[in-house]
Amino acid sequence: MATKKMILDLDTGVDDALAIAYALATPDADLIGIAASYGNTLVDTAAANSLKLLELLGATDVPVYRGFSHSSTTDDFETMQISMDIHGNNGIGNVELPDPTRSVESTSAEDFIIQAAHEYQDDLIIVPTGPLTNLAAAMQKDPAIADLIGNITLMGGALTVPGNVTPYTEANINQDPEAADYVYRHAKHLVMVGLDVTLQTLLTKRETKEWRDLGTEKGRVFADIFDYYIDAYDRLDINKHGAALHDPLAVGVAVDPKLVTLLPINMMVTHDDGRTIGDPERALDPIKTDFAAVQVDTAAYLERFMNYTNNILK
């Protein structure tokens with residue numbers, strides 16, 4: 001067992017599926033639970049997808065907790081058409097998996113985060129790859145955990161490149177800018193793995209063919225799921241060279257920050273347009289609690305990613 005314990009907070013779409021595989025494969029942290037969120041799909045679909053994928057990967061000991069179904073400032077949520085175009089109507093590339101034999105836990109995601117923070121403290125790593133609604137709610141419900149959680153490494157934001165929703169806004173942050181702002185301002189240690197680096201880690205059908213060639217059900221399913229994503233990137237003119245490993249890169253950096261170059265910068269999120277930017281009120285603070293990944297060792301990460309996924313999909 002690893003000393004570090006990890007919680008994934010997922011709106012389980014295609015790249016979230018790969019984040020689960022990476023988190024299970026890494027020897028550097030134990031995956032102790034998944035918090036379900038909305039975003040790529042509805043929260044209940046995200047939770048079901050996580051349960052299905054965990055069963056496929058033989059990780060039926062990892063519990064899934066239901067989080068919030070909408071942002072902190074709205075009353076409901078509908079999946080955007082662009083999300084369905086990219087991730088499929090069911091969030092996982094329209095690949096059909098058997099219904100899970102397990103159910104979502106009765107404890108809420110925010111209460112699970114609070115319990116884990118008190119139990120594991122500095123050894124706890126939280127990796128949100130969707131909106132930050134669940135984490136902000138937990139930190140607001142029990143403010144003490146802001147100083148207990150050792151490492152928050154999120155996939156979201158954009159500092160040195162344009163956003164993918166507006167010229168300044170990345171999709172995960174855009175879902176709940178107010179929640180994101182709270183987490184950025186209150187976290188003891190936060191690493192932003194944004195579009196600055198995730199767009200440099202592309203997977204192609206050469207790599208998914210490796211999964212198919214394993215000759216396993218797991219390999220075929222994950223190849224089918226990610227091939228849908230690659231095709232969507234091409235069809236929608238997002239990228240003709242492959243599809244970005246957004247969420248699994250965040251998991252990789254969470255356990256090995258040496259994969260990226262980090263810019264120490266205390267950050268904030270603007271509520272009106274969801275921009276991730278330096279916080280002028282904390283600009284002169286000698287202690288930096290926020291770090292933005294601005295460069296990535298693409299070759300090293302992709303090699304490790306394929307080693308891990310080929311191993312777990314055998």
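Of note:
- One quarter of the surface of the convex hull around the alpha-carbon atoms of segment 56-116 equals 6.0 nm², the direction-averaged projected area.
- The helix-based estimate of mean residue ellipticity at 222 nm for the chain, built from -39,500 (n - 2.57) per DSSP H run of four or more residues and divided by its residue count, is -12000 deg cm²/dmol to the nearest 500.
- Each residue of segment 101-116 was assigned a 3J(HN,Hα) from its phi angle through the Karplus expression (A = 6.51, B = -1.76, C = 1.60, θ = phi - 60°), giving 7, 9, 10, 5, 5, 6, 5, 6, 4, 5, 5, 4, 4, 4, 4, 5 Hz with x at Gly and Pro.
- Of Ile277, Ile34, Ile225, the residue with the greatest mean-square motion in the GNM of the chain, using alpha carbon springs below 10 Å, is Ile277.
- Against the set [x] 46; [y] 40; [z] 31, the structure's computed percent of Cα pairs over 28 Å apart falls on [z].
- Taking all protein chains together and a 1.4 Å probe, the residues Ser106, Ser50 rank Ser106, Ser50 from largest to smallest accessible area.
- Solvent-accessible area, 1.4 Å probe, carbon plus sulfur percent, for segment 165-284: 54
- For segment 65-79, putting each phi into the Karplus relation 6.51 cos²θ - 1.76 cosθ + 1.60 with θ = phi - 60° gives couplings of 10, 7, x, 6, 9, 7, 6, 6, 10, 10, 9, 7, 8, 10, 5 Hz, in residue order, rounded to whole numbers and with x for Gly and Pro.
- P(r), alpha carbons of segment 187-292 - 5 Å bins starting at zero, rounded %: 2, 11, 16, 16, 16, 14, 10, 8, 5, 2, 1, 0
- The H on the amide N of Met267, modeled in the peptide plane, is under 5 Å from the matching H of Asp279, Asp290, each at least 5 residues off or on a different chain.
- When the Cα convex hull of segment 103-180 is projected onto planes of every orientation, the mean area is 6.0 nm².
- Over segment 18-153, equivalent-ellipsoid semi-axes from the Cα gyration tensor in Å: 24, 19, 13
- Amide H partners (placed H, <5 Å) of Val296, local residues excluded: Thr261
- Simple point charges give the picture: +1 on the Cβ of Lys and Arg, -1 on the Cβ of Asp and Glu, and for the chain a dipole about the Cα centre of about 800 debye.
- Cα centre as origin, Lys/Arg/Asp/Glu Cβ charges: segment 30-139 dipole, Debye: 160
- Computed accessible area, His241, all protein chains, 1.4 angstrom probe, square angstrom: 140
- Annotation: amide H-H contacts under 5 Å for Ile125 (H modelled 1.01 Å from N, sequence separation of 5 or more, or interchain): Lys5, Met6, Ile7.
- A Gaussian network model of the chain, with springs between Cα atoms under 10 Å, assigns the largest mean-square fluctuation among Gln175, Gln200, Gln81 to Gln81.
The values are calculated or read from the model by the stated rules, or taken from the named source; none is laboratory data. The structure presented is a predicted model; accordingly, all values stated were derived computationally and were not measured. For neighbour counting, all protein chains shown are included, and Cβ atoms are generated from backbone atoms with ideal geometry for every residue, glycine included. The accessibility values were calculated without ligands, DNA or RNA, using every heavy atom of the protein model including side chains. Shrake-Rupley method; radii C 1.70, N 1.55, O 1.52, S 1.80 Å.
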